[in-house]
Structures are given as C-alpha cells and as structure tokens.
Amino acid sequence: QVQLVESGGGLVQPGGSLRLSCDASGSIFSINVMGWYRQAPGKQRELVAAIRSGRPTQYAESVKGRFTVSRDGAKNTVYLQMNSLKPEDTAIYYCKVNDWTKDYWGQGTQVTVSS
C-alpha cells in the first residue's frame, strides 16, 4: 500500500506563487508516474503536470510556462511550483502516483487565488 501526503496549499493573490509537495511512502518498489491533478467546483478533475518514467514531462496547456513539476527521487517526493497564479487556478490539487500496477491519490490540498 502507498500513502500520499500533500502540503503547501493556501490562499494567494493573483500573480503570486505557491509550492505544493507530495510525499509518497509505503510499499513503493518502482514509480511509473508522479504528478498533479486539480478539480475546480463543478468541473472534472484534470491533469496539471506529470513526470513519467522514460517519457517527457507533461503539462496542461493552461499552466505551461507558469508551473514546474519536479521530483526528488531519493525521497519519493513530487513538487509543483506554481508562479503567476490566476483566479482560474483555484481548485483542489491532488497528487497521483502510479507504480506500474495501480494509481494512488492524495487527499487533496486547496489552492485559492483571490484578491
């Protein structure tokens, strides 16, 4: 079993920055994908950014150039640096890990961009 713990969400003004972290622990032998999704009220959950083993990092078009996903392999931690935040970035952000057999999800962290 794999456990994911997210942190770093909060309230920020438009144009500001936040950094999300997701620590993965438990029975992790190999990771295929570590990434971030988000879900705004009334909308479907969508991919924000993902680091995929042996393949290019993937970003949603709406966050390219503003968000950066990175991973500390030694710690099984994935980060999401979010810059130039916009009100439309407001959502619950979820960490997801795939270990080649199953998807694991974090509990979510709220990001609110508002003046």
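What the table below lists for this structure:
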| read-out | value |
| --- | --- |
| FRET efficiency, K86 to S27 (Cβ-Cβ, R0 30 Å, nearest 0.05) | 0.20 |
| Residue list for the range 74-115, given a label point 7 angstrom along the Cα-to-Cβ vector of S17 and an amide N cut-off under 16 Å | 79-86 |
| Efficiency of FRET between T68 and S7 - r from beta-carbon atoms, R0 22 angstrom, step 0.05 | 0.80 |
| At most 10 other Cβ within 10 Å, DSSP loop - chymotrypsin sites (Phe, Trp or Tyr not before Pro), the range 38-115 | W100 |
| Percent carbon-and-sulfur accessible area, the chain, ignoring ligands, DNA and RNA, probe 1.4 Å | 47 percent |
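The values are calculated or read from the model by the stated rules, or taken from the named source; none is laboratory data. Since the structure is predicted, the reported quantities are computational estimates derived from the model, not experimental observations. Reconstructed Cβ throughout: ideal geometry from the backbone, glycine too, with neighbour counts over all protein chains shown. Just the protein is used for accessible areas: all its heavy atoms, side chains included, with ligands, DNA and RNA removed. Shrake-Rupley method; radii C 1.70, N 1.55, O 1.52, S 1.80 Å.
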